[in-house]
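Q: Have a look at this one before I ask anything.
FYI, it's all coordinate maths here, none of it is from the lab. Because the structure is predicted, anything quoted here is derived from the model rather than measured. Virtual Cβ from ideal backbone geometry, glycine too; neighbours counted across all protein chains shown.
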């Protein structure tokens, strides 16, 4: 069996981590609606990608705007720049730069979902002032409002291990492929996001996934939390539906976060979050060693 699909679904706890355009002096959260007019804040996959690339130190891929749109420079290759290897590109070259000209694209081999809140937004607002500065010269106090939402969020990452480091005539060594994916996993394990003067911790408090023959994000849209209890039965049903899922799925939970901590550990055979990342990195090494 060629288990070349890596997927992991995670939960983290964060507050107000992605804002939209805003209206007047109100900063509005990015939100989506679902059933009974409930709204759920979310962190866009583009925002998650930005933080991941930045914290990996991979945000050095050259860009240009000759086509009228800011794109990756035609000279950039996956061999030199891991960012476009894992997250894809569109590059447009003119006939002056390239005999063929036109656009070339690479689909992402690492795919991110939006990080979606698991608890509905309750219209909470924070009132902000600049009183501290205004008092210095007895000036009028400015007032602003900001939507706030503290919630569990869930998102999923999937990786096509067989497509990493391969682009046309370019093929990078398997050792480098493994390094890139393991570096990605290390950053996800300790991810954070700077927003409005805060640094939000996006480290997972729960994680589930594995390396499978099917490139399917099995646990995406299957994470449910009610009254600080993770819905274990849903996940257990997915795992029990397939022998491969039973054999290759691993789960981890941060002790003391969920009220049904013991149930999660017992029914999902969950260890720690760190143990899951350690296991997945070993799976990455095993795949690329076998592919040599």
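Q: Out of all DSSP beta bridges in the chain, what portion is antiparallel? Express it as a percent rounded to 5. Write down the numbers at each step before the final one.
A: Values: 55 of 58 bridges.
The answer is about 95 percent antiparallel.
Q: Over all directions, how big on average is the projection of the convex hull of the alpha-carbon atoms in segment 178-228, in square nanometres? Show your work: numbers first, answer last.
A: Details: hull surface 22.5 nm².
Approximately 5.6 nm², given one-decimal rounding.
Q: For the chain, what percent of Cα pairs sit more than 27 Å apart?
A: On the way: 21289 of 42486 pairs.
Summing the P(r) of the chain above 27 Å gives 50 percent of all pairs.
Q: Could you tell me the distance between the Cα centroids of segment 220-273 and segment 27-44, to the nearest Å?
A: The two parts, judged by their Cα centres, are 25 Å apart.
Q: How much space per residue, in cubic angstrom, does the convex hull of the C-alpha atoms of segment 2-80 take up?
A: Working: hull volume 18.5 nm³, N = 79.
For segment 2-80, the hull spanned by Cα atoms encloses 235 Å³ per residue.
Q: Can you give me the distance in nm between label points at residue 130 and residue 15, each placed 7 Å from the Cα along the Cα-to-Cβ direction?
A: So the label points at residue 130 and residue 15 sit 2.3 nm apart.
Q: Now, a different point. Once you have the Kirkwood Rh of segment 150-292 from its Cα pairs, apply Stokes-Einstein at 25 °C and 0.890 mPa s and quote D in µm²/s.
A: Details: Rh = 16.7 Å.
Taking Rh from Cα pairs, D becomes 147 µm²/s.
Q: Please work out the FRET efficiency for the pair residue 227 and residue 141, using the Cβ-Cβ distance as r and a Förster radius of 41 Å; give the result to the nearest 0.05. Numbers along the way, then the final one.
A: Details: r = 40 Å, r/R0 = 0.98.
Efficiency, rounded to the nearest 0.05: 0.55.
Q: Per DSSP H run of n ≥ 4, the term is -39500 (n - 2.57); total these for the chain, divide by its residue number, and report the mean residue ellipticity at 222 nm rounded to 500 deg cm²/dmol. The partial results should precede the final answer.
A: Working: 8 runs with 78 residues, N = 292.
Value at 222 nm, helices only, nearest 500: -8000 deg cm²/dmol.
Q: What order do you get for 224, 118 when you list them from fewest to most C-beta neighbours inside 10 Å? Could the numbers behind the result be given before it?
A: Details: 224 14, 118 17.
Placing the least packed residue first, the sequence is 224, 118.
Q: Sort 219, 87 so that the residue with the fewest other Cβ atoms within 10 Å of its own Cβ comes first and the one with the most comes last.
A: Working: 219 24, 87 20.
Ascending Cβ contact count within 10 Å gives the list 87, 219.
Q: Return the Rg/Rh ratio of segment 203-267 with Cα-based radii and a Kirkwood Rh.
A: On the way: Rg = 11.8 Å, Rh = 12.5 Å.
The Rg/Rh ratio comes out at 0.95.
Q: Quick one: go through segment 156-172 and flag any residue whose amide nitrogen is under 20 Å from the point 7 Å out along the Cα-to-Cβ line of residue 80.
A: Counting only backbone N, you get 165-172.
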